[in-house]
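Report on the structure given below.
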Amino acid sequence: MTESPSGRPVRPPSSQYRWTAENAADQVEGWRLGLAVCRDTGIPEHAARTAALGIDGYVAGVVHADHEAGVHGERARRVAAEHGVWVATAAFAGPTGGGFRRTSGRSGIWSADGTLLAEAGTAPDEFARAVLRKG
């Protein structure tokens, strides 16, 4: 579940989460969101094809080890700068139990020019929040 721009919780139908090799975008309260999952963010062609779908923002769930803390920020700035869209990453914080004893955390939100607007810390209970306006 996620929060919509108006603050209302949104729970999309589970059928939306049948991932394929294709690029994906979804509409939430008038915002067209490009979707990425972890490794997608490191593939410039993924961002380019997703941006070509006419997105307002690029959103990704990522997990990186603690020593890779800057990776998703670098990728987010690149996507924003190359495609002129804001970027939000939900970065896992805390141990995963699946090979990542210490993760980077630091979820963040970047403006369409690549400026960091908000960033969470490394603790699991921290989050980033920013107000985005269409413009």
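Just one of the listed residues (78, 106) is in contact with a strand residue (DSSP E or B) (Cβ under 8 Å, 6 or more places away or on another chain) and of a type in the set (D, E, K, R), and it is 106. Only one residue in 82, 68, 45, 119 is farther than 22 Å from residue 25 by Cβ, modelled with pLDDT of 90 or more and not small (Gly, Ala, Ser), so which one is that? After applying the criteria, what remains is 119.
Here is a yes/no grid of residues against (1) β-branched (Val, Ile, Thr); (2) in contact with a helix residue (DSSP H, G or I) (Cβ under 9 Å, 6 or more places away or on another chain); (3) closer than 17 Å to residue 122 by Cα:
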{"residue": "46", "(1), (2), (3)": "no, yes, no"}
{"residue": "55", "(1), (2), (3)": "yes, yes, no"}
{"residue": "62", "(1), (2), (3)": "yes, yes, yes"}
{"residue": "72", "(1), (2), (3)": "no, yes, yes"}
{"residue": "75", "(1), (2), (3)": "no, yes, no"}
{"residue": "83", "(1), (2), (3)": "no, yes, no"}
{"residue": "96", "(1), (2), (3)": "yes, no, yes"}
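Exactly one of these conditions fails for residue 55: (1) assigned to a helix (DSSP H, G or I); (2) open to solvent by less than 40 Å² (accessible area, probe 1.4 Å). Give me its number. Only one criterion in (1) assigned to a helix (DSSP H, G or I); (2) open to solvent by less than 40 Å² (accessible area, probe 1.4 Å) is unmet by residue 55, namely (1). All conditions in (1) more than 20 Å from residue 81 (Cβ to Cβ); (2) in contact (Cβ under 8 Å) with a residue 40 or more places away in the chain; (3) under 14 Å from the mean Cα position of the chain (by Cα) hold for residue 129, with the sole exception of (2).
Pairing residues of segment 111-126 that are touching a residue at least 40 places away in the same chain (Cβ under 8 Å) with residues that are of a type in the set (Phe, Trp, Tyr) and open to solvent by less than 50 Å² (accessible area, probe 1.4 Å), at Cβ distances under 8 Å and at least 6 apart in sequence or on separate chains, gives 116/110. In segment 76-125, the residue that is surrounded by the fewest Cβ atoms within 10 Å (Cβ to Cβ) out of those that are of a type in the set (Val, Ile, Thr) and within 23 Å of residue 33 (Cα to Cα) is 115.
Can you confirm whether segment 22-39 contains a residue that is modelled with pLDDT under 85 and part of a loop (DSSP other than H, G, I, E, B)? For segment 22-39, residues modelled with pLDDT under 85 and part of a loop (DSSP other than H, G, I, E, B): present.
The values are calculated or read from the model by the stated rules, or taken from the named source; none is laboratory data. What you are looking at is a predicted structure, and each value in this text was computed from that prediction instead of being measured. Here the Cβ is made from the backbone with ideal geometry for all residues, glycine too, and neighbour counts use every protein chain on show. Surface accessibility is based on the protein's heavy atoms, side chains included, excluding ligands, DNA and RNA. Shrake-Rupley method; radii C 1.70, N 1.55, O 1.52, S 1.80 Å.
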